[in-house]
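The values are calculated or read from the model by the stated rules, or taken from the named source; none is laboratory data. This one's a predicted model, so the numbers in the text were calculated from it and none came from an experiment. Methodologically, a virtual Cβ is constructed for each residue, glycine included, from the backbone with ideal geometry; neighbour enumeration extends over all protein chains shown.
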Amino acid sequence: MSDKARLARVLARSHYATSFEAESDEEVYDVRKESLVRSILTEIGEDPDREGLRRTPLRVAKALDFLTSGYHMSAEEIIKGAVFEENVKEMVVVRDIEFYSMCEHHMLPFFGHAHVGYLPNGKVVGLSKVARVVDVFARRLQVQERLTNQVADALMEHLEAHGVAVVMEASHTCMMMRGVQKQRSTTVSSAMRGAFEEDSRTRAEFMSFLRD
């Protein structure tokens with residue numbers, strides 16, 4: 001099976017899909033990835049052939065393809081098919097967009113909510129596409145600061161907006177499960193573009209929406 005076809009299968013079974021197919025005992029998804037996972041299981045002292053781990057290499061391979069599927073998605077492609085000309089001047093804000101990503105330092109998850117606002121410049125985009133743009137960049141190995149800026153830059157470029165604001169709040173399991181082991185810590189990052197960067201009143205209006 002080609003990489004493209006394999007990825008299509010993973011995306012079809014994403015949270016946008018309505019059902020999942022159970023793996024058969026004979027199914028092979030990605031020989032190379034599954035072999036690597038088997039090696040890791042062996043290295044940590046496990047038996048990859050015991051019943052509970054027998055299908056783990058296949059499942060991990062599928063999960064990794066899904067969690068890094070953003071490398072194969074384009075913010076431009078998502079946005080351009082859902083942009084509409086509208087004489088709207090007021091701020092548009094989409095709050096509490098759930099996202100899940102993996103830190104590039106430990107390949108452990110971080111997760112939280114993104115809040116996105118923009119000032120239209122004669123164009124608006126379908127609201128679901130804002131959430132999809134977040135997914136494009138979240139489903140890669142990331143650091144939160146870069147993720148926040150990538151979402152802001154993509155929306156600013158492809159909407160040609162007067163301004164874009166992005167605030168992300170996340171919990172990082174690399175801090176919660178290991179290292180300093182601070183389970184209640186959260187990280188907040190922001191990226192302001194255009195009017196949100198230049199005009200403190202515009203920025204304050206956006207931040208007020210997040211406090212309501």
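Summed over the stretch 155-166, residues that are assigned to a strand (DSSP E or B) and out of contact with any Gly (no Cβ under 7 Å at 6 or more places or on another chain) total 1. The residues in the stretch 97-147 that are surrounded by fewer than 20 Cβ atoms within 10 Å (Cβ to Cβ), of a type in the set (A, V, I, L, M) and farther than 17 Å from Gly163 by Cα can be counted, and the count is 5. Among residues of the stretch 163-188 that are farther than 17 Å from Ala152 by Cα, those with a beta-carbon under 9 Å from a residue that is in a strand (DSSP E or B) and of a type in the set (Asp, Glu) at least six positions away or on a different chain give the pairs Thr186/Glu169; Thr187/Glu169. Give the residues of the stretch 81-96 that are surrounded by 13 or more Cβ atoms within 10 Å (Cβ to Cβ) and over 18 Å from Ala170 (Cβ atoms), sorted by residue number. Within the stretch 81-96, Ala82, Val83, Val88, Met91, Val92, Val93 qualify.
Go through the stretch 54-81 and give me each residue that's modelled with pLDDT of 95 or more, in a loop (DSSP other than H, G, I, E, B) and of a type in the set (Gly, Ala, Ser). Once the filter is applied, which keeps residues that are modelled with pLDDT of 95 or more, in a loop (DSSP other than H, G, I, E, B) and of a type in the set (Gly, Ala, Ser), the stretch 54-81 yields only Ser74.
Do we have His113 as more than 24 Å from Ala63 (Cβ to Cβ) and touching an Asp or Glu at 6+ places or on another chain (Cβ under 6 Å) here? When the stated conditions are applied, His113 does not pass them. If I ask for residues that are small (Gly, Ala, Ser) and in a helix (DSSP H, G or I), which ones from the stretch 105-154 would you list? Ser128, Ala131, Ala138, Ala152, Ala154 - these are the residues of the stretch 105-154 that are small (Gly, Ala, Ser) and in a helix (DSSP H, G or I).
Filtering Ala152, Ala165 for residues that are out of contact with any Phe, Trp or Tyr (no Cβ under 8 Å at 6 or more places or on another chain), small (Gly, Ala, Ser), modelled with pLDDT of 95 or more and on the phi < 0 side of the Ramachandran plot leaves a single hit, Ala152. Screening Ser190 on (1) in a loop (DSSP other than H, G, I, E, B); (2) under 20 Å from Arg95 (Cα atoms); (3) not hydrophobic (A, V, I, L, M, F, W, C) shows it passes everything except condition (1).
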